[in-house]
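Just below is one structure, and these are the notes that go with it.
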Amino acid sequence: MISSTNFSCAVAVISSLLLATGAQAALIAAASPADGAEHVSVQSTLTVSLGTAIDARGVDAEHVVLTQEPGIPVRGSITYDAAGGSISFKPLRPLAFASRYRLTLKQLSDAGGAVLPEASIGFKTYVNPVKRIIGFRNGSVASYNDFSNNAAGKVEWRTRFGSAGVDNTWFNANDVANSRIRYTYDNAGNKTMESYYQDAGADGKWGTADDTLGAYFSTSFGPHHNPLREVAASGPGDDRTWHTADDVVSYYATYSYDDANQPLTYERYRGAGADGVLFSDDDVLDYYEVYTRDSQGELDGSIRYGGPGKDGHWLTTDDTVVSYSARAYGADGEILGQAAYGAAGDDGQWFTADDVVDSYSRSEYAPDHTAYIYYYGPGGDGVWFTQDDVINYYSLYEKNAVGNRVRYARLTAAGADGQWGSADDGVEFYILYNYDAAGNLTREVKYSNMGADGKWYSADDVIDSYEQYAVDPQGNKISQARFEGAGGDRQWFTTDDDIAEKTEFDTRI
C-alpha cells in the first residue's frame, strides 16, 4: 500500500517534471528548421520563435550555442528580434553535409529575471551524395562509375562502365559494365558488407543471381555502433559457394573498446591455426595494436606488436614491439606534435630516450593559418625534438576571417636566407580557393611553378590544374570537375580546357 507521504513526494516530482517540460516547450514555440528536420540546407540561418519574453542581455554566444555532433562548437552571428520574439543564428560559413547539429538556448532569463530551463532543436543537413564519376581522355568520355543511393544517402551499388557499347553512345542501356560493388547496411545504417562482383555471369546480365562474386569485406558492429570484427574474403572455398564456413579469408581483424567505448586494441589475423578453424583461439595473429589515452581521454599513442616474444605466446607481456607512435595536445585539444618510432635504439630497450624516430611533425595554430611541420632528422646535435631538427617540408593553410581555407602551400626549402617560415621559403606548389557570396567553395586552382618574373604568388604563376564546383541555391554541390590542361587556345578557364574527371552529385537527399 502506498503511504500518503510517498504519494505526496511522487506528485511533487511529477509536477516539477511537467513544469520543466512545459517551460521548455514555451521557450521555443516554433523553429526553422523544425526540431528533427532532415535535408536542411548547409547555408541555413537558424531561427527560433520564443514563446515567452526574455531578458535580451542574455542573448550572446555563451547562451545561444550551435554544435555539430558530437559537440563541436560552430561559430556564427546571433541576432535577437525583440518585436518579433525570435533569435536567429547565422553560421559564419556553410555547415557540413550529412551532419547532425543542435541549437541550444541555455541559461536565458525571462523578463522577471528567472532562469529558464535549457531548450534546443536538432536537425540534419543534406547528405548530397555522389551519383556519378566520369573519367575523360582527350576530352572524350573514357569510363564512368554510377552510384545508386538509398533514401538515407548511402550508396548501395557502384557500377563501373568501361565501354559505350554497340551504339558507341555513352549513358544508355547499351553501356558495358566492367564491375559492380554492392554495399549492405544494418538497421542502424552501419555498413556491414562490401561485395565485389567481377563479371555478369553466364547469362551476361548484371544484377542477376549468377553475377560472379570476386571478393567481399564484412563488418560486424556492437551495440554502440563500433566495429567488432572485419573479414576480407577472396574466394568461395572448396564448396564453391560464397558466405559459407570454408570461404577463403585473406585476413580478419577484431577490435576491443574501453568502458568509454574508445578503441583499445586492434588485432589482425592472417588465418586459422592448427585446428584449421577460423575465429577460434589458435588463429594466427599477424600483428596487433594497443591504443593509449591521456587523462582527458584523447588518443596519445599506439603500440604495434609484431611477434609473440620469447615465450612463443601472443598477447603476453613479452610480445615483440615493432613500432609505436606518440602525440601531444594543447590546452584546446589541438594536436601539437606527433612522432613515430621504428626501433628500440642502442640500448635494445623500447620506450627509452634512445628509441629511433622514424618521423616527427608538429603543428602551429593561429586565427589566420595552420601549419604542419614535418622533420626527417635530429640536426647537428644528434638529438630529436630540439631547435636544430631538420625540416623536410611544411604545409601552410591560410584562412580568411570566417575560417575558410584561402591558400594551401607546400614548402620544401628554407630559401636563400636559410630560415624556415620566411618569405623566401621554397614552394613546391600551392592551391588557391575561391568562394561565392554564401561561402560555398567554387574553385580550387593548383599552381606548380613560378612564372617569368621568378616570383611565387604573382599573376604569372604557372597553373597545373584546377577544380570547378557548381552549387544549387541550397548550397548542395551539383558537380565538381577537374581540368588538367588549358586546351587549344592555351587560355585557362575557357570552354576548351582539358577536362580529366567530372563528379555529379544528388541534390535531393
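No lab work stands behind these numbers, since they all come straight from the coordinates. In this text the structure is predicted, and so the values were computed from the model without any measurement. Note: ideal-geometry Cβ built from the backbone for every residue, glycine included; neighbour counts use all protein chains shown.
Please tell me the relative contact order of the chain in percent, rounded to the nearest whole number, where contacts are Cα pairs under 8 Å and at least six residues apart. Relative contact order here is 8 percent. Working from label points 7 Å from Cα in the Cα-to-Cβ sense, the Ser448 to Ala340 distance is 2.6 nm.
Proximity of backbone amide H atoms, modeled 1.01 Å from N, is registered between Arg443 and Asn434, Tyr469 at under 5 Å, excluding neighbours fewer than 5 places apart on the same chain. Amide H to amide H, with H built 1.01 Å from N, Ala414 comes under 5 Å of Gly426, counting only residues 5 or more places away or on other chains. In the calculated pair-distance distribution of the range 284-416, the portion above 19 angstrom amounts to 62 percent of the Cα-Cα pairs.
Separation of the range 103-164 and the range 369-412, taken as the distance between their Cα centroids, equals 33 angstrom.
Phi-derived couplings, Karplus 6.51 cos²θ - 1.76 cosθ + 1.60 at θ = phi - 60°, listed residue by residue for the range 239-245: 7, 6, 10, 6, 6, 10, 5 Hz, with x used for Gly and Pro.
Using the rule -39500 (n - 2.57) for each DSSP H run of four or more residues, divided by the residues of the chain, the 222 nm mean residue ellipticity is -1500 deg cm²/dmol. In terms of its alpha-carbon gyration tensor, the range 205-337 comes out oblate; a/c meets the 1.5 threshold, while b/c is at least as large as a/b.
Can you spot the aspartates and glutamates whose alpha carbon is less than 16 Å from Lys477's alpha carbon? Ignore those fewer than 8 places along the same chain. Lys477 reaches Asp436, Glu444, Glu467, Glu501, Glu504, Asp506. Estimated from the Cβ-Cβ distance and a Förster radius of 30 angstrom, the FRET efficiency linking His39 and His224 is about 0.65. The ranking of Ile54, Ile78 by Cβ neighbour count inside 10 Å, starting from the fewest, reads Ile78, Ile54. Scanning residues 5 or more positions from Lys131 or on other chains, those with amide H under 5 Å from its amide H are Glu504, Phe505, Asp506, with H placed 1.01 Å from N in the peptide plane. Each of Thr320, Thr386 was scored by other Cβ atoms within 10 Å of its Cβ. Listed from fewest to most, they are Thr386, Thr320. For the chain, the convex hull spanned by the alpha carbon atoms encloses 272 Å³ per residue.
Taking 0.36 nm per intervening residue step and subtracting the Cα-Cα distance, what contour gain separates Asn261 from Glu484 on full extension? Value of the extension gain: 75.8 nm. Computed from phi, the 3J(HN,Hα) profile of the range 476-483 under the Karplus parametrisation 6.51, -1.76, 1.60 (θ = phi - 60°) reads 6, 6, 8, 7, 9, 10, 10, 10 Hz, with x in place of Gly and Pro. Beta bridges per DSSP, both residues in the chain: antiparallel share near 100 percent. Length, then width, then depth: along the principal axes, the Cα atoms of the range 111-240 run 78, 46, 24 Å. With an a/c value of 1.5 or above and a/b larger than b/c for the gyration tensor axes a ≥ b ≥ c computed over the alpha-carbon atoms, the range 377-509 is described as prolate. Here the contact order of the range 406-480, divided by its residue count and restricted to Cα pairs under 8 Å and six or more residues apart, works out to 20 percent.
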